[in-house]
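Scroll down for the structure; my scribbles are underneath it.
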Amino acid sequence: MTSIQHKHQARRGKATSLRARMRRLSDRPRLSVFRSLANISVQVIDDLKGHTLAAASSLEKELQGAIQGMNKTDAAKKIGEVLAERAKKAGVTQVAFDRGAYKYHGRVKALAEGARSGGLEF
């Protein structure tokens, strides 16, 4: 294996371990983050039922206009606020934050702060 394959395998292992621990210890829905180089997506997932309760992404047409001209960190904060609004409509106020294998800084932190300012508790 190349060093890149080891890096990706280690990242997947970290994310899997974190999610398994969350499922064991938390009775709340999980707020799952996916971050790519250009975009960010987030979902509130009920693991017991296997359903997505709310979702938001920087790729959505209705959000494109709202985040146009923003840098990626500011756009992530806006996505977090939109997700919090949608989750509250679905009846969710408390979630467990699943950052995957991403470090809690930059866009991931901004998204979490946006979700908190929108009314989600975690």
In sequence order, calculated HN-Hα J values of region 97-107 (Karplus, 6.51, -1.76, 1.60; Hz; x Gly/Pro): 7, 10, 7, x, 9, 7, 5, 7, 7, x, 5
So for the chain, if I pair up every lysine 8 or more residues apart or on another chain, how many of those pairs have alpha-carbons under 21 Å apart? 20
Applied in sequence order to region 69-80, the curve 6.51 cos²θ - 1.76 cosθ + 1.60 (Karplus, θ = phi - 60°) yields integer Hz couplings, x standing for Gly and Pro, of x, 8, 6, 5, 5, 5, 5, 5, 5, 4, 4, x
Given THR16, LEU31, ALA84, which one lies farthest toward the positive end of the charge dipole of region 3-117, if we put +1 on the Cβ of every Lys and Arg and -1 on the Cβ of every Asp and Glu? THR16
A correct fewest-to-most ranking of MET22, MET70 by other Cβ atoms within 10 Å would be MET70, MET22
Quick one: P(r) of the chain from all Cα-Cα pairs, 10 Å bins, percents rounded to integers, in order of increasing distance. 14, 44, 32, 10, 1
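Rule-based calculations on the coordinates, nothing more; no lab input. Keep in mind it's a predicted model, so treat the numbers as computed, not measured. Cβ sites come from the backbone with ideal geometry, for glycine too, and all protein chains shown count toward neighbours.
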